[in-house]
Structure formats: C-alpha cells, structure tokens
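So the structure is just underneath, and the comments pick up after that.
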Amino acid sequence: MSSRLLCSAAARLGARASAAAPSGISQSSFSKVFTSHSLASQGIHATLTARRCLAVASAGASVPAAAAAATTGAPQYRRVPFVKEDLTAVMREVPDFKYYYIGSENASSYPYKNVPLDQPILDAANLGSATLPKADVEYSMLENGLRIASVDRGGLVSSLGLFVNTGSRWEDVTNFGVSHMLQTMAFHSTAHLSFLRTVKSIEVMGASAACAAGREHIMYTAECQREQMPLLLPMLTGNVLFPRLLPWELKANHDKLLHMKHRIERTPDQMVSELLHTTAWHNNTLGHKLYAAEKSLQHFNADTIRSFILDHFSPGNMVCVGVNVAHDDLCKWLMRSFVDYNAVPPKERKAAKPVYTGGDARMEAVSPHAHIAIAFETGWTDFGLLLSESHAALCRSCYGHIVVLLLEFAAMLPPRSVCSGGWNSGDLVAYSLLQTLVGGGGAFSTGGPGKGMYTRLYLDVLNKHEWVESAMAFNTQYSDSGIFGLYMLAAPDKVAFALTASSAADAFLWKAELDAVCEGRGPAIAIIGVLPCFVFHVCHRVLGRCFSADLRWLVLQVATAVKVLAEQFAKMRRVSAEEFNRAKNSLKSSIHMNLECRGIVMEDIGRQLLMSGRVISPQEFCKAIDNVKEADIKRVADKMFSKPPTVVAYGDISCVPHYEEIRAALQAAGVGN
C-alpha cells in the first residue's frame, strides 16, 4: 500500500512538475526517467527489504520501555490497527491541487492574478464560521509500536516531525560519524522517488524539509500547507524507511561533508560546543563527535549507513509529531505509510551510561577574540563505570588484557549509587532557573525589553568590563546527564590571570620588579622570587611578544576573564529574593513565548516523548518553577561544583592560563574540587 500510494501520489505531483523539465526532454520521456529510477530502486532495495522479515503484528513487541511503562503522567495511547485498503479508494482522498508557477497551464486561470495588492481578495460577508480547535496533545500508537502525537492549533501551515531515538551517542569505532552522514543523505533518492523528483515535488508544493542529527536523536522535519499533509507525509516516511543510498549521491555528499567540516571549524560557537562535549565525556557516549571527522569518511558507504538504519530505525524507536493537523488524519496516513513495512526484529539496545571526566581542550584559530567556556556536569557520576563492559571493548584495542584485570578488580569493589541527571532529574527546573538568573548576552543590544538586561552577567560583567564582548550561561540537558557553565568572549590579553596583592608591601615589590624588567634594568628571572610560579608562567609567555609597559598592566589587572568567571560561579550559591522572583517570571514568559512557534512545539513534543515517555505541559512546568526554593539553587550549585571542571578555549589562546591554574582559581573561589 505505502509503495503504490507514494508512487501514485508522486506521479500526480510529477505531472504538475513536468513543465519544469529541462529543454530537450519531452514530458513523456521526463516521466519515464522517474519511472525507470523507481523500478531500479526496487531491485536494488530487494536485499534490504528481505531482511525486514518480521511480521507487522509481532513488531508491536518492540515498543520501548519508556512508552510502555505505567509511569506517573504517562500518556494513554489509542491503538491504531493496520487495515488493508483499496488503492483506488485511497487515491480519491489524495488532495488534487492546482500549482501556479510560471509556464504552467494553470497560470492563466489564477483567480487573483490581476487583483491589486491594496484590495482584499476575500469577501468578509462570505466567510464561514470557525470553531477554536482543542489545543491538547492527542496520542496514538500503531501496531508496530510507532508513537504518534499531535496538537491542532487551527493554523494554516502544518509542521511534521519524525524523531528517531538514535544519534552519535549510539555510534562506535566502526561507524563514527554515521549520524551526520544520515543527515546529509536525507531527502535523496528512495525506493519510490528519485532525488530530482523528491526535490521538484517539495518545490511545487511550496513545502520545506530538513534533517538534523543530534547526540541522542535524529529529527526529520517538514512543513507544508495544511491540506497538503497527505502528500508530504508519505514522502517524509519513505525517506526514512526506504533510502536508496546511490553511489553517486554518496560521492557528492562525501565532498559536502568535507566542506561542512571546514565551515564548522571556522564557526566559534559550534567548535566550542563540540569541544565541550568531547572533553566533558571523553571517549564515551555524549562525548562522541557530532560531526563526521575526516578519518570517519572511510565509513561513509551504503553498507555502514544501511546497517545503522537496520539496528536503530525500528518503529518502536520512533515518534511522529504533527502540529496544526487533525489527529485522525495523521494516524490514518501514517498507518497507510507503514502498513507494508515489515521491520527487522530490533536488537536489544543497552545504552551505556555517560561518564563525565572533565578536562581541558584548546584550539587555536584565526580570531581577534578568545573564547573560553567553563562547565560542570549536572548529575552524579559513578567513575566505576569507566571500568564497565560497555567501555571495555573500546579500551581493549588500546590496552589489551589490562582492561580484563581492571574489570576483575572492579567486581570486587562495593557497589556505588548513581543518581541520574539530565532531563529525568528532579533538578531540571532548578538548573533552568539558575541559567535564567545568571543570564547574559552580547555587549551590543538592540530592541525592546525581555532580553535579560537585569541578569547577573549583564549587571556584573557586561556593564562593568568593556573588554567583554559576550558572556552567557548555558544549560545543556540530555536524557541522563547534562552540563551547565559560563561562556565568555573577550579580548585575548584579558584572559590571563591577574592577582590581587596580599599586602601593600608585596604589591610595591611586585611593581618595582616589573618596572625593572619592563625598563630593561633587571632580568626576567627576578620575577621568580616575588611572584607565585604560575604568575611567572604567564609573564614568561607574555614577555616574548609583549616586552613593554603593557606587561605591568597585564599582570596587575584585577578584572580578568578567568577571575570574573570564577566569581560568577561562586555567587551562584547566593540568591536575593528580588532576582529570584524576576528569574522565575522571566523563565515562565520565555517558555510561553517560545511555544507560540509551531516548529518549537513540534520539536518539544518529540524530544520529550523520546527522553521521558511523557510531555510536560507549560502549565506543569510553570507550577514546578513556582515550587523551586532559594535553597534548591544553592543545593544544585553545590552538587555541580563537586565535579572537576571542563575548560575549553578557542581562538587567540596565547594568554589562556593552564588548566591547573584555572582549577586553582576556581577552588580559591570555593568552586570545584
């Protein structure tokens, strides 16, 4: 049903798009090209289809525990059975649209062609009545375990999303980068449509389609006019279930990956985020690179991608979300798209626990600024997990039988308790509130109110230090872990340490020795006797390129980036009633404002269902915000600071202090261990 339905619907679209055929190709030959591609794809895809040997009825047993568990607040799914339907009757329900574009036969009959823009095209007297739809999330589930959620706000544009519970977290040494490769291969040739026909069909509908691969989820999204949903949804699902992965398309995307790699390396925000993850969770789970590295391109072939799809793309690992669609229509067309899809029995996936390591990473780049980020994990970590079997396979290739001895030793240790963090943690709201309270932004601000100008980083950092270009708090949460930290963009020579003299005599001595060095009256080694060794470390690096009076200002400067960040971390334990209430109101307004966008609503529902098995409404979240006390902020800050910090520097890093120096400064402020 799904194959015939998609080909028939696409044929209808192809007839509309035939006017766009290149010159020299007739309409009939243009259609034959598409037909031959579709027939060839069915032969190429025979092997993959043969492996999908499980009957649809038995595939229902693959429903994830998150969806099947009877947890508090878990949604009740309405069961949608598979029904064999007559294709002719189904095709009568496929919408038939007139597409108006230059050169089409319908262009001359366009009813509003000669209507001036200052005249209304609708007669208010002839408008029908409308009822406000029920804006609650509705839930259903296909027999094969695919979860469906939708909310109808009455909008004219529908947002569709198919979420797969997989990503770079599930990769290993044999397929690093495959999630990113799937992203670049999205909406190419499938078993039913060629790449060209897919693009032309989306273009003719005026729709949009995209794919985004993350660390825990891969998200396929599409937007179209409400009445075109029955046409676009089979394209979306067919792209996920039946990709052809043609050699020439793989080759074209191979070059595209290299181009994206170089572009990402020149984008500071993306590089800092990537370095933060690879350092915070070194060589495990969430620390796997989100973007395919150059050495990963050896895995960029059809077999690797197809194997990853068979392992993770089962209906039980998927969630389909629709916004501004009728729930019954969404379920009906999803059932028709999946009715002939026989999924391979999914492997039992055992997710490895993320092991937070902390550490230091630096990357020098051509930049007028220094980007520095300091972060901490937001959940407890059991370091015994470093010796678990999930990490043994990766380590054994490097350390051989030493890992076996470590595993035997770990078995003799007493069990450790592990407290889950991330989205499913009870401290999620407290961390979100702490991020809003600290706030931040850029030094150059435009527009009206609502940008957090009364947050701490604006009042204490951006308004007081002119050399800070940007400062903000970030809070990244996953299903069972997360990181919270501060990110600063500053002039590179302000990132170095500056110390406050312990006494006036010491300060006078420091100044005298520095004057002697800067004026050429004394050797640089004289600084060792009067300054701590790590200050000498900074001076020694700076003397080589800055042998002038500026050195005196650099070392004695009190307000430096690292010191400012350490002070802001330490202040997180202290919250006044005024700023606490302001942060609560700001977080509530931000939630409601963001959920006015249909795309954000669609993504929010899909990610929540995959991470926790339920959807928290804005009203529930606001109630949870009201229940947070000032003592909770101090508690989560203390828990966070019990971990080693993760430090990342990018850009002009010539003056960035050593990791141990930064850690010592944080400890002096009462932060970190």
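Report the FRET efficiency, 1/(1 + (r/R0)^6), for residue 367 and residue 212, where r is their Cβ-Cβ distance and R0 is 22 Å, rounded to 0.05.
My answer for the efficiency is 0.25.
What nm distance separates the two modelled labels at residue 326 and residue 616, each placed 7 Å from Cα along Cα→Cβ?
The modelled label-to-label distance comes out at 3.4 nm.
Mind ranking 295-304, 126-135, 85-94, 171-180 by how tightly packed they are, going by the mean number of other C-beta atoms within 10 angstrom, highest first?
Highest-to-lowest ranking by the protection proxy: 171-180, 295-304, 85-94, 126-135.
Taking the Cα centre as origin and putting +1 on Lys and Arg beta-carbons and -1 on Asp and Glu beta-carbons, what dipole magnitude results for segment 607-649, to the nearest 20 debye?
Dipole magnitude for segment 607-649 comes out near 140 debye.
For segment 163-256, just say rounded, prolate or oblate: build the C-alpha gyration tensor, square-root its eigenvalues into a ≥ b ≥ c, call rounded for a/c under 1.5, and beyond that prolate if a/b exceeds b/c, oblate if not.
Taking the square roots of the gyration eigenvalues as a ≥ b ≥ c, segment 163-256 is oblate.
Could you compute the FRET efficiency for residue 590 and residue 131, with r as their C-beta to C-beta distance and R0 at 30 Å, rounded to 0.05?
Rounded to the nearest 0.05, the efficiency is 0.50.
Give the distance, in whole Å, between the Cα centre of segment 305-356 and the Cα centre of segment 132-185.
About 8 Å separates the Cα centre of segment 305-356 from the one of segment 132-185.
How far apart, in nm, are two points set 7 Å out from the Cα along the Cα-to-Cβ line at residue 88 and at residue 444?
Here the modelled spin labels are 6.6 nm apart.
Taking just the C-alpha trace of segment 179-218, give me its Rg and Dmax in Å.
11.5, 33
May I ask which residue of 321, 346, 356 lies farthest towards the positive end of the charge dipole of segment 319-358, with charges of +1 (Lys, Arg) and -1 (Asp, Glu) on Cβ and the Cα centre as origin?
Result: 356, furthest along the dipole toward the positive end.
What is the ratio of the Cα radius of gyration of segment 104-219 to 2.2 N^0.38 Å, with N the residue count, to two decimals?
Dividing the Cα Rg of segment 104-219 by 2.2 N^0.38 Å gives 1.57.
Taking R0 as 30 Å, what FRET efficiency do you get between residue 118 and residue 597 from their Cβ-Cβ distance, rounded to the nearest 0.05?
0.50
We did not get these values from a lab; they are worked out from the coordinates using the rules stated. All values reported here derive from a predicted model rather than from experimental measurement. Every residue, glycine as well, gets a Cβ built from its backbone with ideal geometry; the counts of neighbours run over all protein chains shown.
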